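Readers should treat all values here as calculations from the given coordinates under stated rules, not as data from a laboratory. Keep in mind the model is a prediction, meaning the values are calculated, not measured. Don't worry about glycine lacking a Cβ; one is built from the backbone with ideal geometry, like all the others, and counts go over all protein chains shown.
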Amino acid sequence: MKELLSIKDLVTEIPLRDTVVYPVDHVSFSVNEGEAFGIVGESGSGKSMTCRSILRLLQPPAHVTHGEIVYDGKRISDYTENEFAAVRGKGISMVFQDPMTSLNPVLRIGEQIFEAFDASLTKQQRQEQAVELLKQVGISSAEERLKEYPHQFSGGMRQRAMIAITLARNPRLLLADEPTTALDVTIQDQILTLLKKLQRERNMGVVFVSHDLGVVARFCERMAVMYAGQIVEMSSVEEIFSNPQHPYTIGLMNSMPSLQKVSEWLVPISGMPPDLRALPQGCRFAPRCPWASSECEKAPIAISETAPGHFSRCLKAAEMKKLVSDAKNERHE
Amino acid sequence: MLRTSFAKEPKTHRVFRRLQMPWNLVAACIILIPVLIIAIFPGWFTHQNPTDFNYDAILSSPSAAHIFGTDSFGRDIFTRVLYATHLDLEIGVFCVLFPFIFGSTMGVLAGYFGGWFDSLIMRILDIVVAFPFFVLILAIMAILGPGMINMFIAVSIVGWVSYARLTRSEVLVSKKMEYVQAAQILGYSKPRILFKHVLPNVITPAIVFVVSDIVLCILLGSSLSFLGLGVQPPTPEWGAMISDGQSFLSQAWWISTFPGLAILLVGIGFSLLGDSLVDLFRLN
Amino acid sequence: MQFFKYLIRRLLETIPVLIVISLLVFLMIHLIPGDPAVVMLGGRATPQALENLRVEMGFKDPLYIQYFHFLKNLFSLNLGNSIYYHVPVFELISSRLGVTLNLIVYTALIAIVLTVPLAIYSADHRNQAGDQIIRVLGLVGICAPGFWLAILLMLAFSIKIPIFPVGGYSSGFLNVVKSLFLPALTLSFGMIAILVRSLRSSLIDVLKTDYVAFARVKGISKARLMVRHVLRSGLISTVTLLGVNLSWLVGGTLAVEKVFALPGIGVLMIDSISSRDYPVVQGVTLVFALLVVLINILTDLSYSVLDPRVSLE
């Protein structure tokens, strides 16, 4: 499989009143053609910022200060604004979390689709392709719908419309930032199924960002877990679930109702996500980690390959299996 | 080099933000405090009198003896500008006093108690708002006659409406806030809720409005004096002085220019004060 | 179709306001302390002149009958006669209304043309040097008295560098453009200052939104982005502000008209107040109020056109 996107050591900083924070702190990962790559984390972990940093959609004063982004073999991180504008939409596209705020409320849906098309198409062609797109995302009576405004659509339909717009230019990579979070649970399922179908049909790479581990697990082949601006674990979905190598990942799995059988207890992760302005000296998860030792708190932990294709930022990755089963046995006593 | 955001933050700003000083307030004080001193003690800054005729120096241009030049009677413009300071400040303050007190009270009562009183206030509001402000003032002054006192009356009759509208909507918003509802559930008496909980949050936007209203009133007062309907001669007033200078514009530009600069400066001072209050009360 | 229904309803809603306006304008003369006839003609008028005036103005009838006559006259466009000029008030006003209206429209045009690029530049270069300069100029525009700016402009561009006429007004399109330019520019300063501040703020808010980010994802050009997405949304609140400012302008042309000696209804108002020509004062006040009502309706209508979320209910 060809590598479509490669991110190396991406750093984004936000200068604050009296300090500087790094919501994206040396993040590296890659996505192959046609592959679905998930990024999981709490709010504030930096997963959304990462997507926006890739597509240069940051709000000042946030800005990228370091890192290399290679897309389809080209170092797009070096591109000028004009060159980059060509990449957006055509190569890499993005779907946002809340379709209500992502669609311009004063323009008709049709217009918002039309302007995504190439300038060379005739009005007739645009109309036809727009109708086709709406049908593909499962919106019926497409012709009438084109003339309507976003506020006339239901939540699920708006998300479908947004997906349709993103697909207008046939992107080869789609960044999906919590695409189902703002929707009802029943609609979530529909949208996920739709996205998967479209991904397969078009052989699109997808970066799927979510706080819901269960959703990412169903959708993606490979995934990364982010915490406090860093990737703390990365591997295939199968690997991570059968052999988690970071306490935070384990914590996430234990706290997700979608992943637990009814009889097992839900165990929330104690403590709060860290304040980026006052990060601990050593491991950033240590304050909340049930297995943290003094060594964990001494110095920042680097990410390393603890098993083939499996990366973790935990010093105790190797013993993780034993630590987990010990904890389970304790609970049952 | 990565170019990834829409715009980069200028380096100078990092310095300013680190200092965390309210620059608006500092600038406002630099302007207004000297102005206040000049208003109260104009004599400290000039040894001449505003009414001193000096027929040897009619229409003379700015010089060491007469910093702002002289007018058609040989009077020193600088002195006249200084002595007129207190007048426009008084106009600003007195024109907002009654509207602020009366209007805010009416607005708070209307918003808090609702009912027929609220409807009455709203009807009056609608009527007054239907007329252009300046025209209404003029119409009332046409009835009452020219002069500063009449101007205060006219502005009071019309001006309280803006304060009523502002405080009323603030009260309506406050009423829905949870801390007021909590106070009501706890059984606090209505006056207590009004004074301790609703009023403090409602009054801050009104205070900010007062400051910008002062600017408007100073402009209004000087405009009316310029038109001959406000302050009557020979009292020196900035607007009236600008009017006097119009006839001599081609020969003596300084007569009209400097009083206008004074109005501008005072206006800027109060505007900056208002902006700093907005920042202070975190109203944006 | 819905639009016309809304329009009709809006017009009907203004009727109570119009009635109140007519009532207040009518009462103006009677609110003056003292005998209206004496007030109008002065203390030295002869008893016969006073009596003639009383008969002519109908001061002897009870108030409600006078009001009835007043309304009746209104509908036949009879606003009484000017004491000073001895011609019907209606004629006086209609011959001068055009000048003032031209001035207002001219001012609005200059304001609109200058506001949009300034606001876009400010929002795009937020907090940088250019933006700060524009903000300072805006502060000056708001705090500087209009009549003073008028005089300064006259000094600069009519006297020192004679490009524009010192004052006066002559008909003919080119003449109007020339003679009204400085007055309109003066009046527009204050408007531009307020409008740019508001539009800039709206634009900055819009630029932060997700839908602008999403539009950028689509890869559309920056120009198109600015105009179709950012401007369209940002303009909505500024349009309302424009309407409010135009209302201010209705009474605000007075001082500028005086400075530039333009024969508009503003100058008419000032002179009539000084000469206690109350029928004229009444008439002009009425016209001003009507203009404001009209502007309010237009503002509401344009708001509903710009923002499809506002239902015409």
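Just a few scattered comments:
- Assigned charges on the beta-carbon of Lys, Arg, Asp, Glu; chain A dipole about Cα centre (debye): 380
- Rg over Rh for the protein assembly as shown works out to 1.06, using Cα positions for both radii and the Kirkwood form for Rh.
- Dipole size of region A:1-121 about its Cα centre, with +1 on Lys/Arg Cβ and -1 on Asp/Glu Cβ: approximately 100 debye, rounded to the nearest 20.
- On Cα atoms only, tilt of B:133-144 relative to the major axis of chain B in degrees: 70
- Taking every DSSP bridge with both residues inside chain A, close to 60 percent are antiparallel.
- Most fluctuating residue given options A:V225, A:V206, A:V87, as computed from a GNM of chain A linking Cα atoms under 10 Å: A:V87
- In this rough spin-label picture, where each label sits 7 Å from Cα along the Cβ direction, the A:D118-A:K2 distance is 1.8 nm.
- Computed from Cα positions, the angle between helix B:254-280 and the longest principal axis of chain B comes to roughly 20 degrees.
- Förster-model FRET efficiency, 56 Å R0, C:D35 and A:R17, C-beta, rounded to 0.05: 0.20
- Separation of alpha-carbon centers, region B:27-103 and region A:142-208, rounded to whole Å: 68
- For A:V232, distant residues with modelled amide H under 5 Å away: A:V225, A:M226, A:Y227
- C-alpha center-to-center spacing [region C:197-244, region C:1-52] in angstrom: 44
- Residue with peak Gaussian network fluctuation, chain C [Cα springs, cutoff 10 Å], from C:L242, C:L291, C:L31: C:L31
- Separation of the A:T181 and C:R135 label points, Cα + 7 Å toward Cβ, nm: 3.2
- Simple label model, 7 Å out from Cα along Cβ direction - A:R75 to C:R224, nm: 3.1
- Rounded to 5, the percent of DSSP beta bridges in region A:158-271 classed as antiparallel: 55
- Chain lengthening between B:W44 and B:F281 when straightened (0.36 nm per residue, less Cα-Cα): 81.7 nm
- Of C:H86, A:S242, A:T181, farthest towards positive along the dipole that unit charges on Lys, Arg, Asp, Glu beta carbons give the protein assembly as shown: A:S242
- Per-residue extension of 0.36 nm, minus the Cα-Cα distance of C:L109 and C:S170, leaves a gain of 19.9 nm for this segment.
- When the helices of the protein assembly as shown are scored as -39500 (n - 2.57) per DSSP H run of n ≥ 4 and the total is divided over every residue, the value at 222 nm lands at -19000 deg cm²/dmol.
- Close amide H pairs (under 5 Å, H built 1.01 Å from N) link A:V95 with A:L175, A:A176, A:D177, residues at least 5 positions away or on another chain.
- Charged neighbours of A:L107, selected by a Cβ distance under 9 Å, balance to +1 (K, R count +1; D, E count -1).
- Going from the residue with the fewest nearby Cβ atoms within 10 Å to the one with the most, A:M162, A:M272 rank A:M272, A:M162.
- Peptides C:150-162, C:278-290 ranked from most to least packed give C:278-290, C:150-162, packing being the mean of other C-beta atoms within 10 angstrom over each peptide's residues.
- With the convex hull of the Cα atoms taken as the outline of region A:104-168, the averaged projected area works out to 3.8 nm².
- Among B:A240, B:A57, B:A65, residue whose mean-square fluctuation peaks in a GNM of chain B (springs only between Cα atoms under 10 Å): B:A65
- When both bridge partners sit in the protein assembly as shown, DSSP labels roughly 60% of those beta bridges antiparallel.
- Förster radius 30 Å - calculated FRET efficiency between A:R277 and A:E319, Cβ distance, rounded to 0.05: 0.40
- Computed E for B:L261/A:S293 - FRET, C-beta separation, R0 60 angstrom, nearest 0.05: 0.25
- Alpha carbon centroid spacing (whole Å) that separates region B:237-276 from region A:278-298: 66
- J(HN,Hα) series, region C:135-149, from Karplus relation 6.51 cos²θ - 1.76 cosθ + 1.60, nearest Hz, glycine and proline x: 5, 5, 4, x, 4, 4, x, 7, 8, 7, x, x, 5, 6, 4
- One decimal place: the segment C:E13-C:S274 gains 90.4 nm when fully extended, by the rule 0.36 nm per residue minus the C-alpha distance.
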